[in-house]
1. Select from the stretch 195-215 the residues that are crowded, with 19+ Cβ neighbours inside 10 Å and touching a residue at least 40 places away in the same chain (Cβ under 8 Å) and list them in ascending order.
2. Considering only the stretch 16-42, state which residues are modelled with pLDDT of 95 or more, more than 24 Å from residue 104 (Cβ to Cβ) and among the charged types (D, E, K, R).
3. Can you name every residue in the stretch 1-56 that is in a loop (DSSP other than H, G, I, E, B), under 24 Å from the mean Cα position of the chain (by Cα) and basic (Lys, Arg)?
4. Of these, 186, 172, which one is of a type outside the set (A, V, I, L, M, F, W, C) and over 23 Å from the mean Cα position of the chain (by Cα)?
5. Under 9 Å between Cβ atoms, at least 6 apart or on separate chains: pull out the pairs that start in the stretch 2-15 with a residue that is at pLDDT 90 or above and end on any residue that is of a type in the set (Phe, Trp, Tyr).
6. Restricting the stretch 64-84 to residues that are free of Cβ contacts under 8 Å to residues at least 60 places away in the same chain and under 19 Å from the mean Cα position of the chain (by Cα), which is surrounded by the fewest Cβ atoms within 10 Å (Cβ to Cβ)?
7. Within the stretch 98-168, considering only helices (runs of 4 or more DSSP H) that don't extend past its boundaries, which have at least 1 residues that are of a type in the set (Asp, Glu) and either at negative phi or free of Cβ contacts under 8 Å to residues at least 24 places away in the same chain (or both)?
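The values are calculated or read from the model by the stated rules, or taken from the named source; none is laboratory data. Not measured: the values here are computed from a predicted model. Glycine gets a Cβ as well: all are built from the backbone with ideal geometry, and neighbour counts include every protein chain shown.
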Amino acid sequence: MGRIKNSDRITAALLQWGSSELRDLPWRRASDPWHVLVSEVMLQQTSVARVLPKFEFFIEAYPTPHALATSSLGEALSLWQGLGYPRRCRNLRDAAIVIADTHDGDVPDQLEALLALPGVGPYTARAVLAFAYRRDVAVVDVNVSRVFSRLRGEPMTAKQLQDMADALVPLGLSWEWNQVLMELGGRVCTARSPRCTECPIRKWCTFMKSKNDIDPASLSAGASKPQPRFEGSDRQLRGAVLRIVLDTSHKNRSHTMDDILLHFPDSEQRIRVEKIMIDLVDEGLLVRRGQKISAP
C-alpha cells in the first residue's frame, strides 16, 4: 500500500502512549514460547477477563508441550472449562504432540512450521514470533484491523491490513508495537462507543475527521461480528454436556446417553442434546463405547 502518511509520528505517538497504558497481564510477562502459544490460543474469541483466572493454572499443570502431550485430553478439558470453544483445547494438545514429537519439544520459530501446527493460523503464528521470539513481524487481530480501517477511513482486505501492519512495525520494537496496537483497539478504539478523545493518534484518524456514519472497520476483513445469543444455544448445551461428563470423569465414572439426557427435562432440548453428543464424539471431545459416554 506504499508508505503510510505520518507513519513516523503515528508510531512515536502510539509507543509513547503505550509505555504507561499497557496492562500488566501474565502472558505479557511470559518469554517462554510455549506459554505465549497457550495464551494466544486461549485468547482466541475469548475475553481477557475470562482467560486471566485460567492461564496460570493451565501453565502450572502443563508447563511444557511434553506435559500436555502426555496428559489425557479429558484432564486438559477439565482445566479448560469456562473458556468455551473446547476444540481449541483439543487442537492445542494436538499441537503439543507435534511439537514434542517433531520439534524436540521446542515451539518452532519459523512461520511455516508454526502454521503447520494444529489450530495455529496466521495471527497466532505471527504472535508467537513477535511476542516470544521478538521477530520484527506485524500481528493483525480484530483490534488492529479496527484501528487501521478507521485510521485509513475505508474498509480493508486482509492483505491490505497485513501490508499496512508490515509497513508500520518499527524495527527492534515488534513486541512493544504489537502489544500497544492491540491495547489501543481493545480499550480505546473499541467496536462500540470508541473513546476517540483519549486516542493518541486521533489527529491522523480519517474516520474521526470524516464524521461518517458508516464505520469502515465493520466492513473490513477480520471485523468483529456480534456473537449469537448464548442462552439456549447449542454452544451452551455443548458446554453443559461436557461439564456433566468431565465433572465425574475424575471418579472413573461414565454415563449412558440416557443418564445425560436426564439432565435436560425439555423434550426439544433432548433432541438437540442427542445430536450434540454425537458431534462431540465425532470431534474427539467425548468417547463412546456402546451406550457409555466418557471423557477422552
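1. Passing the criteria: 201, 205, 207, 208.
2. The answer is none; no residue qualifies.
3. Of the residues in the stretch 1-56, the ones in a loop (DSSP other than H, G, I, E, B) are 1-6, 22-25, 29-32, 43-47.
Now narrow it down to the ones that are under 24 Å from the mean Cα position of the chain (by Cα): 22-25, 29-32, 43-47.
Correct list: 23, 29.
4. Details: 186 fails: over 23 Å from the mean Cα position of the chain (by Cα).
The conditions single out 172.
5. Final answer for the pair search is 9/204; 10/204; 11/177; 13/204; 14/177; 15/177.
6. 82
7. Working: elements: 111-115, 122-131, 142-152, 158-168.
Correct list: 111-115, 158-168.
For every residue, the table says whether it meets (1) within 21 Å of residue 83 (Cβ to Cβ); (2) of a type in the set (Ser, Thr, Tyr); (3) surrounded by 14 or more Cβ atoms within 10 Å (Cβ to Cβ).
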{"residue": "257", "(1), (2), (3)": "no, no, yes"}
{"residue": "263", "(1), (2), (3)": "no, no, yes"}
{"residue": "271", "(1), (2), (3)": "no, no, no"}
{"residue": "280", "(1), (2), (3)": "yes, no, yes"}
{"residue": "290", "(1), (2), (3)": "no, no, no"}
